[in-house]
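S.K.: So that we are looking at the same thing, I have put the structure below in structure tokens.
The values are calculated or read from the model by the stated rules, or taken from the named source; none is laboratory data. Fair warning: this is a prediction, and the values are worked out from it, not measured in the lab. Please note: Cβ atoms are built from the backbone with ideal geometry, for glycine as well, and neighbour counts cover all protein chains shown.
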Amino acid sequence: MANLLNILVVGGGRLGATLARDLAQTGQQLTVVVRQPQRALAVSNWLKSHHLAANLIADLPTGTFDVVLAAVPDAQLVPLAQQLAKRPALSPIYLHLSGVAPARQLAHPSHAAVACGSLHPLAAVADPLNLRDPTSPLPGALMAVGGDAPALAMATQLSLLLGGLPQVVADAQRPAYHAAAALIANDWVALALAAEETVQAAGLTHPGFRAGLLHLAKTALAALQRVPADTTLLVGLTGAVSRGDAETLTKHFKALQPDTAALHRQASQLLAERSAQLHRLSPEQLQKITEVLRSIG
């Protein structure tokens with residue numbers, strides 16, 4: 001059996017608390033820095049309620065750890081690096097959890113011997129303290145890793161320990177990687193919000209419509225998950241654009257508010273153009289859909 005790791009997690013927010021829970025479940029020796037007393041008490045009580053052990057402290061400790069994980073907002077990474085540099089190195093490896101910051105963001109000249117890198121889980125992480133369902137979002141998630149060789153090796157080891165799928169993402173690729181993540185995790189919420197507001201504006205206010213729309217989203221995602229990796233995701237597309245149904249699309253836009261119509265127009269244009277390029281729409285169908293979209297302005 002591999003030796004257990006002595007891990008310092010700096011930050012007890014959503015991701016920090018999730019990591020604390022998941023790493024504690026694997027039996028690792030865990031210390032978590034949570035500076036806000038009220039949050040620290042909540043995290044401590046929550047871990048105890050799940051019969052998990054972790055040492056919660058209010059500030060950076062002394063001593064050494066196998067790895068330091070910086071679970072702090074991106075804007076706090078450089079200040080944290082400066083704070084770490086003012087004391088003896090806490091570990092031979094520092095990892096941050098940002099998806100867009102350079103892998104070596106925690107590097108500092110005074111700690112030149114410290115290997116620095118990154119580990120970013122491609123998962124929607126809600127605050128586990130507020131969830132009824134304790135299921136972790138991390139198993140099965142792609143985890144973007146990078147950095148110095150020892151840091152990369154540790155990030156890969158932790159990814160596997162958490163049940164993730166490690167994938168090296170270079171610094172130059174990180175903005176595009178993170179933008180793609182935002183399209184899925186953030187813009188999807190905007191679309192779901194716009195959909196709910198659309199049915200509510202039509203007088204369909206029963207709570208069942210939210211559940212129904214979210215069920216539709218889940219089944220649409222399930223259809224995409226069944227598409228082979230070497231096949232375009234357009235195979236999983238349903239609806240008016242996939243059928244070249246300009247008449248139905250016209251009815252949609254008459255029911256939408258201007259800002260929501262703009263969202264639907266952009267998405268429909270992209271889907272129609274890509275479908276035509278792959279000969280899933282005929283030139284005639286594309287022309288009719290384009291005419292509808294042009295009429296929206």
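S.K.: So is Leu281 assigned to a loop (DSSP other than H, G, I, E, B) and crowded, with 16+ Cβ neighbours inside 10 Å or not? Spell out how you get there, then give the answer.
M.R.: Working: assigned to a loop (DSSP other than H, G, I, E, B): yes; crowded, with 16+ Cβ neighbours inside 10 Å: yes.
Considered against the rule, which asks whether it is assigned to a loop (DSSP other than H, G, I, E, B) and crowded, with 16+ Cβ neighbours inside 10 Å, Leu281 comes out as yes.
S.K.: Going by what's in this entry, would Leu80 be described as under 20 Å from Gly12 (Cβ atoms), outside any loop (DSSP other than H, G, I, E, B) and within 18 Å of the chain's Cα centre (by Cα)? Walk me through how you get there before you give the answer.
M.R.: Values: under 20 Å from Gly12 (Cβ atoms): yes; outside any loop (DSSP other than H, G, I, E, B): yes; within 18 Å of the chain's Cα centre (by Cα): no.
Answer is no for this residue.
S.K.: Looking at Ala220, Ala229, Ala246, which is the one that is surrounded by 11 or more Cβ atoms within 10 Å (Cβ to Cβ), free of Cβ contacts under 8 Å to residues at least 60 places away in the same chain and either of a type outside the set (A, V, I, L, M, F, W, C) or over 17 Å from Val189 (Cβ atoms) (or both)?
M.R.: Ala246
S.K.: I'd like the full set of residues that are among the aliphatic types (A, V, I, L, M) and more than 15 Å from Cys116 (Cβ to Cβ), limited to the range 145-167. Spell out how you get there, then give the answer.
M.R.: Going residue by residue through the range 145-167, those that are among the aliphatic types (A, V, I, L, M) are 145, 149, 151-155, 158, 160-162, 165.
Residues satisfying the conditions are Leu160, Leu161, Leu162, Leu165.
S.K.: Continuing with this model, one more query. How many residues, within the range 14-73, are surrounded by fewer than 21 Cβ atoms within 10 Å (Cβ to Cβ) and either of a type in the set (Lys, Arg) or outside the structural domain of Cys116 (by TED's automatic domain parsing) (or both)?
M.R.: Residues flagged as surrounded by fewer than 21 Cβ atoms within 10 Å (Cβ to Cβ) and either of a type in the set (Lys, Arg) or outside the structural domain of Cys116 (by TED's automatic domain parsing) (or both) within the range 14-73 amount to 4.
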